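A.B. asks: I have a structure here, written as structure tokens, and I will follow up with some questions on it.
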Amino acid sequence: MQATLEIKPQELELDAGLLARKEDAPPVIELEQIHKTYTMGDVEVHALRGISLTIRKGEFVAIMGTSGSGKSTTMNIIGCLDRPTRGKYILDGEDVSAMSKDERADIRSRKLGFVFQGFNLLSRTSALENVELPMLYAGIETAERHSRSREALRSVGLAGRENNHPNQLSGGQQQRVAIARSLVNRPALILADEPTGNLDSRTSIEVMEIFQKLNRERGITLVLVTHETDIAEYADRVVVFKDGRIKEDYPVEQPRDASAELKLLPDVEQEED
Amino acid sequence: MNLLMIIRVAFRALVRNKMRASLTMLGIIIGVSAVIAMVSIGQGAQASVQAQIEGMGTNLLFVSAGAQNVGGVRSGTGDSGTNTLTVADLEAIRREVPSVSMVTPTINARTQLVVGNQNWNTSVQGVSEQFPDVRKWTVASGAFFTDADVRSSARVIVLGQTIADNLFPGADPLGESVRVMNLPFKVVGVMARKGQDPQGRDQDDTAFAPYTAVQKKLLGNTRLQVAYVSAISQDATYTAQTQIAELLRQRHKLAAGAPDDFTVRNMTDVAEAANETNNIMTMLLGSIAGVSLLVGGIGIMNIMLVSVTERTREIGIRMAIGARSSAVRRQFLIESIVLSLTGGLFGILLGIAISVTIPSLLGWPTLVSTTAIVGSVIFSAAVGIAFGYYPARKAAALDPIDALRYE
């Protein structure tokens with residue numbers, strides 16, 4: 001099944017205007033001299049040694065690096081799951097570097113969407129209910145919850161799959177449910193942590209197509225963590241981590257186009273329905 | 001996130017694991033239904049004792065020969081060896097105590113009743129003609145003997161239903177002759193059926209004859225063991241009790257400070273004693289059943305702890321997408337309360353069903369107690385909170401990063 005995206009025309013126009021001036025767009029993430037030190041017994045481990053990074057609205061950034069490079073720690077801090085030991089982090093205009101556990105939970109609820117490598121859907125729970133979950137914690141009314149989750153599922157090409165449980169969906173479909181879940185609270189930023197790690201190459205391209213469409217057509221800011229260079233090439237900008245520091249930060253001149261690649265691929269067996 | 005939504009989340013989580021949820025509830029179901037059934041058995045027993053005591057008349061007093069405790073030696077009340085209560089005493093009570101309306105002695109003679117080739121071992125009680133009024137016991141057929149019969153020591157007898165059934169199966173005993181210790185007594189009446197007394201003895205296995213006849217013709221002595229006295233009203237029983245005691249002390253010429261050689265008790269005291277016994281029994285049964293409730297609660301805690309470990313990833317997901325620790329804690333707490341309360345509700349239904357079935361199955365009276373029902377609901381909710389708190393706190397304390405990484 002091909003992912004078909006349905007975008008409302010007025011949203012398209014609005015975001016097209018934004019896209020034109022990406023360099024002037026307001027920053028979504030501002031990291032200033034972020035340090036993170038873990039104490040393991042008597043040994044201090046410096047996971048991050050002064051990271052400064054600005055990501056603006058509408059950017060699609062891939063974060064790369066080997067394990068131990070500090071990319072996961074950065075991801076956790078950007079995702080407000082963890083706090084920096086030192087440094088300042090401003091997310092969508094709010095300083096979150098010193099926020100309490102509960103405040104960070106609220107920030108995650110309002111401003112962030114997560115997509116994980118292992119999908120992380122609730123088992124024995126329908127796709128619709130999985131997508132509704134973030135809104136439940138954001139305190140959104142039942143009727144609106146239903147309409148928004150249906151809309152989100154449709155936008156990732158899963159209309160008609162609302163009542164399927166994760167074990168009745170393929171890996172690609174499960175990841176699309178997870179993407180719908182990350183979208184549904186209209187976050188300022190979607191964080192995807194190795195989203196294609198558990199998928200075959202064709203399904204990976206399909207998932208990247210959804211990300212590209214969300215970014216290009218709806219102007220959603222995306223941060224993608226990956227260790228695969230060919231996946232990073234779908235983004236507009238690549239940030240490479242090494243030993244707790246940013247080693248490289250460069251724009252991708254010619255990002256790969258997932259939609260075009262999918263058209264070229266032989267029309268293999270459709271994902272079983 | 002409001003409470004209603006958390007309750008819904010908790011319900012969904014439980015419905016996802018129906019088998020486990022119902023097995024966990026089983027512990028509470030058994031506990032609550034056991035408490036309700038046990039308490040209703042206890043209350044049923046209490047109610048039936050109460051009804052029997054009230055059936056005997058609440059303005060009833062017992063006067064018996066001998067004291068309950070005299071130097072700890074002569075312990076028996078109504079001991080047949082004591083001669084301290086006489087017919088003259090009773091007549092004086094009837095005549096001189098204004099708060100007393102009726103008096104009847106009871107002189108017990110255990111003997112064999114013979115009719116033709118049938119015979120029956122029973123107790124023949126010598127009483128006065130006021131006995132049916134004092135004991136609120138009516139005559140089913142014929143009539144009770146009269147004042148004249150008592151004065152003339154007439155050989156007449158009134159049979160209890162059990163005796164009538166056994167000595168005259170299928171026949172009318174009225175006017176027939178019954179031999180008591182080889183003396184013929186004429187049957188003038190048959191008492192209405194009374195059933196068992198609070199001690200479980202068959203009250204219908206008794207015959208009644210004028211006490212004068214029993215004393216002179218059957219026993220050959222004038223000893224009196226127990227007398228029933230009716231006060232003019234229930235309020236007058238305590239006055240009557242003191243007045244009788246004063247009169248008897250005076251008549252027996254007891255010096256001030258000397259112990260009573262008689263005992264006067266009233267029905268209220270007897271009822272209280274019986275109540276106390278029953279309360280102890282109810283509490284004992286209820287607390288044994290309560291232990292099973294406690295075990296059920298531990299079962300809930302066990303499952304909730306397993307559940308927290310098993311659902312670590314789920315907790316991580318919920319936290320990552322914006323659940324506060326408090327929302328996670330409340331979810332698990334509510335899951336555990338829902339488990340225990342739902343179990344409690346099913347337990348109440350089962351308990352009531354058992355209580356309703358027991359009388360026809362075992363012949364024990366039961367009384368479903370609202371206190372026990374309300375108590376079990378509160379207790380099962382408390383079990384849910386108490387045993388769900390620790391697992392819930394454990395869930396809320398998880399770190400989302402670790403929880404998401406948990407395999």
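The values are calculated or read from the model by the stated rules, or taken from the named source; none is laboratory data. The model shown is predicted, which means the values in this text are computed figures rather than measured ones. FYI the Cβ positions are ideal-geometry reconstructions off the backbone, even for glycines, and counts take in every protein chain you see.
A.B. asks: Inside segment A:237-261, can you point out the residues that are part of a loop (DSSP other than H, G, I, E, B) and in contact with a Lys or Arg (Cβ under 8 Å, 6 or more places away or on another chain)?
C.D. replies: A:Asp243, A:Gly244, A:Val252
A.B. asks: Taking the condition more than 12 Å from chain B (Cβ to nearest Cβ), free of Cβ contacts under 8 Å to residues at least 12 places away in the same chain and of a type outside the set (A, V, I, L, M, F, W, C), does A:Glu151 pass?
C.D. replies: Considered against the rule, which asks whether it is more than 12 Å from chain B (Cβ to nearest Cβ), free of Cβ contacts under 8 Å to residues at least 12 places away in the same chain and of a type outside the set (A, V, I, L, M, F, W, C), A:Glu151 comes out as yes.
A.B. asks: Checking B:Leu254 against (1) away from every other protein chain (no Cβ under 14 Å); (2) within 30 Å of B:Gly31 (Cβ to Cβ); (3) over 34 Å from the mean Cα position of the chain (by Cα), which single condition isn't satisfied?
C.D. replies: All conditions pass for B:Leu254, except number (2).
A.B. asks: Right, next: With (1) in contact (Cβ under 8 Å) with a residue 24 or more places away in the chain; (2) touching a strand residue (DSSP E or B) at 6+ places or on another chain (Cβ under 6 Å); (3) farther than 29 Å from B:Val124 by Cβ; (4) hydrophobic (A, V, I, L, M, F, W, C) as the list, and B:Ala240 as the residue in question, which single condition is left unmet?
C.D. replies: The failed condition is (3).
A.B. asks: Right, another one. Taking B:Ser360 as the residue in question, decide whether it is at pLDDT below 85, out of contact with any Gly (no Cβ under 6 Å at 6 or more places or on another chain) and assigned to a helix (DSSP H, G or I).
C.D. replies: Criteria met by B:Ser360.
Yes/no matrix, rows are residues, columns are (1) modelled with pLDDT under 90; (2) assigned to a strand (DSSP E or B):
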{"site": "A:Cys80", "(1), (2)": "no, no"}
{"site": "A:Gly87", "(1), (2)": "no, yes"}
{"site": "A:Ile90", "(1), (2)": "no, yes"}
{"site": "A:Asp106", "(1), (2)": "no, no"}
{"site": "A:Leu121", "(1), (2)": "no, no"}
{"site": "A:Thr125", "(1), (2)": "yes, no"}
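A.B. asks: Return the pairs, sorted by first residue and then second, in which the second residue is assigned to a strand (DSSP E or B) and charged (D, E, K, R), the first residue lies in segment A:217-228 and is within 19 Å of A:Glu194 (Cβ to Cβ), the beta carbons are less than 8 Å apart, and the residues are 6+ apart or on different chains.
C.D. replies: Sorted first by the residue in segment A:217-228, then by its partner, the pairs are A:Thr221/A:Arg56; A:Val225/A:Asp193.
A.B. asks: Surrounded by fewer than 16 Cβ atoms within 10 Å (Cβ to Cβ), in contact (Cβ under 8 Å) with a residue 60 or more places away in the chain and under 32 Å from the mean Cα position of the chain (by Cα): does that describe B:Gln225?
C.D. replies: The answer is no for B:Gln225.
A.B. asks: Do you know which residues across segment A:78-128 are in contact with a His (Cβ under 8 Å, 6 or more places away or on another chain) and under 18 Å from A:Thr54 (Cα atoms)?
C.D. replies: Across segment A:78-128, the qualifying residues are A:Pro84, A:Arg86, A:Gly87.
A.B. asks: Name the residues in segment A:167-202 that are surrounded by 20 or more Cβ atoms within 10 Å (Cβ to Cβ) and part of a helix (DSSP H, G or I), would you?
C.D. replies: Selection gives A:Gly172, A:Gln173, A:Gln174, A:Gln175, A:Arg176, A:Val177, A:Ala178, A:Ile179, A:Ala180, A:Arg181, A:Ser182, A:Leu183.
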